[in-house]
Amino acid sequence: MYTFSMKLHRAKRSLFDDSSASSDIAFLLIIYFIVIAGFNVNKGFLMDLPAKDSTRLLLKEELLRFEMSDVGTIFYDEKPLASAEMETLIRSNLAARPNLAVTLVIAPAAPWQSVVSFVEFAQKLQVDSFSFSMRMP
């Protein structure tokens, strides 16, 4: 009597043999990257800057100069201003002078959030010309 011995070789299965599983993962990855791209909107400061070769003359009367102290207090003519006083001052000057330019001189140790708040405040009041600079120590 003869006996036959037969060895069975099984084919190795790939990880994503089922095409529906790999397409599901691909779809989820696409959705993930679309959602992440939607949250990554950082535009920074959006300001209308003058053209490179344009010249704009500014009269001294059309310049409203504020200073920010090391602790974030806003000064005008060396007097501290509250938010309401600052708003009244800017609004009245904007009504009288449509070409008004607001400038902020910032102390080096001023809190950055105070600077951002002032920029947002000027934007809320629709100041067209705004500039800021650091005070030299």
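The values are calculated or read from the model by the stated rules, or taken from the named source; none is laboratory data. The structure displayed is predicted, hence computed values, not measured ones. Methodologically, a virtual Cβ is constructed for each residue, glycine included, from the backbone with ideal geometry; neighbour enumeration extends over all protein chains shown.
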Report task. Report yes if GLU61 is modelled with pLDDT of 75 or more, surrounded by 10 or more Cβ atoms within 10 Å (Cβ to Cβ) and either outside any strand (DSSP E or B) or touching a helix residue (DSSP H, G or I) at 6+ places or on another chain (Cβ under 6 Å) (or both), otherwise no. Result -> no
Query raised in the report: Among the listed residues ALA37, ALA101, which satisfies the condition of being loosely packed, with under 10 Cβ neighbours inside 10 Å and either farther than 28 Å from MET134 by Cβ or at pLDDT 75 or above (or both)?
Result: ALA37
**Report entry** Of all residues making up region 79-127, the number that are in contact with a strand residue (DSSP E or B) (Cβ under 8 Å, 6 or more places away or on another chain) and in contact (Cβ under 8 Å) with a residue 40 or more places away in the chain
**Finding:** 10
